[in-house]
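This report refers to the structure that appears directly beneath it.
The values are calculated or read from the model by the stated rules, or taken from the named source; none is laboratory data. Being a predicted model, the structure only gives us computed values, none of them experimental. So basically every Cβ, Gly included, is an ideal-geometry build from the backbone, and we count neighbours across all protein chains shown.
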Amino acid sequence: MQNIKARSFVLIMVIIAATALILRFAIGCIIKMNIAQNESNASVTLKFISAALQNYARDHNGNFPSDLALLANNTPPYLDDDDVAKSPVKGYNYVCARLEPSGYSCSATPLKCGLTGTASYTISTGGLIVSEECNKKE
């Protein structure tokens, strides 16, 4: 009787260990997939912001707006939403550190490096987008 109890206990422990291992793998895959989606969204959002800024400048004698709100509050709007104003969006913070009549520089950085994204993106005048790995010590 004691031998059966010991075998049952060992079997239960093996099942628990196997389940924990499978869950760990599944959670890791879900996090990686979420990071990839967040990064793709951040890159696309910056490209939309850049296109809106370029279109605004084209329509305003080559001058970029001093505030992104002008892009959403125009008729017709250059952007449907002011993504920078409603930041964070899908694990990324958006900031336009430089908005001048002569140019712009906007960036998207992950809220938690390694969890919501692994790269920071910056787009500047002309639509050049640059990415760099984020610092996990943040």
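Test Ser107 against the stated conditions and say whether it is under 9 Å from the mean Cα position of the chain (by Cα) and surrounded by 17 or more Cβ atoms within 10 Å (Cβ to Cβ).
On the way: under 9 Å from the mean Cα position of the chain (by Cα): no; surrounded by 17 or more Cβ atoms within 10 Å (Cβ to Cβ): yes.
Criteria not met by Ser107.
Among the residues of the stretch 80-100, are any over 24 Å from the mean Cα position of the chain (by Cα) and free of Cβ contacts under 8 Å to residues at least 60 places away in the same chain?
Just the residues of the stretch 80-100 that are over 24 Å from the mean Cα position of the chain (by Cα), to begin with: 100.
Going one step further and asking which of them are free of Cβ contacts under 8 Å to residues at least 60 places away in the same chain, we end up with 100.
Yes; the residues of the stretch 80-100 include at least one that is over 24 Å from the mean Cα position of the chain (by Cα) and free of Cβ contacts under 8 Å to residues at least 60 places away in the same chain.
Ala51: of a type in the set (A, V, I, L, M, F, W, C) and surrounded by 13 or more Cβ atoms within 10 Å (Cβ to Cβ), yes or no?
Numbers: of a type in the set (A, V, I, L, M, F, W, C): yes; surrounded by 13 or more Cβ atoms within 10 Å (Cβ to Cβ): yes.
It is true that Ala51 is of a type in the set (A, V, I, L, M, F, W, C) and surrounded by 13 or more Cβ atoms within 10 Å (Cβ to Cβ).
Can you tell me which residue is modelled with the highest pLDDT among those in the stretch 72-90 that are exposed (fewer than 15 other Cβ atoms within 10 Å of the Cβ) and over 24 Å from Pro110 (Cβ atoms)?
Across the stretch 72-90, the extreme among qualifying residues is Pro77.
For Thr118, indicate whether it is among the hydroxyl-bearing types (Ser, Thr, Tyr) and surrounded by fewer than 19 Cβ atoms within 10 Å (Cβ to Cβ).
On the way: among the hydroxyl-bearing types (Ser, Thr, Tyr): yes; surrounded by fewer than 19 Cβ atoms within 10 Å (Cβ to Cβ): yes.
Yes: the conditions hold for Thr118.
Here are some residues: Asn41, Asn93, Asn74. Which one is out of contact with any strand residue (DSSP E or B) (no Cβ under 8 Å at 6 or more places or on another chain) and polar (S, T, N, Q)?
Asn74
Okay, residues lined up against (1) among the charged types (D, E, K, R); (2) within 30 Å of Asp80 (Cα to Cα); (3) part of a helix (DSSP H, G or I); (4) modelled with pLDDT under 90:
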{"position": "Phe9", "(1), (2), (3), (4)": "no, no, yes, yes"}
{"position": "Ile12", "(1), (2), (3), (4)": "no, no, yes, no"}
{"position": "Ala18", "(1), (2), (3), (4)": "no, no, yes, no"}
{"position": "Leu21", "(1), (2), (3), (4)": "no, no, yes, no"}
{"position": "Arg24", "(1), (2), (3), (4)": "yes, no, yes, no"}
{"position": "Asn34", "(1), (2), (3), (4)": "no, yes, yes, no"}
{"position": "Glu39", "(1), (2), (3), (4)": "yes, yes, yes, no"}
{"position": "Leu46", "(1), (2), (3), (4)": "no, yes, yes, no"}
{"position": "Gln54", "(1), (2), (3), (4)": "no, yes, yes, no"}
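Checking Ser66 against (1) more than 17 Å from Tyr121 (Cα to Cα); (2) under 15 Å from the mean Cα position of the chain (by Cα), which test does it fail?
Among (1) more than 17 Å from Tyr121 (Cα to Cα); (2) under 15 Å from the mean Cα position of the chain (by Cα), the lone unmet condition for Ser66 is (2).
Could you list all residues from the stretch 110-134 that are within 24 Å of Cys29 (Cβ to Cβ), in a strand (DSSP E or B) and more than 11 Å from the chain's Cα centre (by Cα)? Spell out how you get there, then give the answer.
If we filter the stretch 110-134 for residues that are within 24 Å of Cys29 (Cβ to Cβ), which is where we start, we get 110-121, 131, 133-134.
Narrowing the set further to residues that are in a strand (DSSP E or B) leaves 110, 113, 117, 119-121, 131, 133.
Correct list: Ser131, Glu133.
Hey, does the stretch 59-71 have a residue that's assigned to a helix (DSSP H, G or I), modelled with pLDDT of 85 or more and farther than 17 Å from Pro101 by Cα?
Going residue by residue through the stretch 59-71, those that are assigned to a helix (DSSP H, G or I) are 59, 69-71.
Restricting the remaining residues to those that are modelled with pLDDT of 85 or more gives 59, 69-71.
Narrowing further to those that are farther than 17 Å from Pro101 by Cα: none.
The answer is no; no qualifying residue exists.
Would you point out which residue out of Ala52, Ala26 is in contact with a helix residue (DSSP H, G or I) (Cβ under 9 Å, 6 or more places away or on another chain) and within 28 Å of Thr118 (Cβ to Cβ)?
Details: Ala26 fails: in contact with a helix residue (DSSP H, G or I) (Cβ under 9 Å, 6 or more places away or on another chain).
Sole residue among the options that is in contact with a helix residue (DSSP H, G or I) (Cβ under 9 Å, 6 or more places away or on another chain) and within 28 Å of Thr118 (Cβ to Cβ): Ala52.
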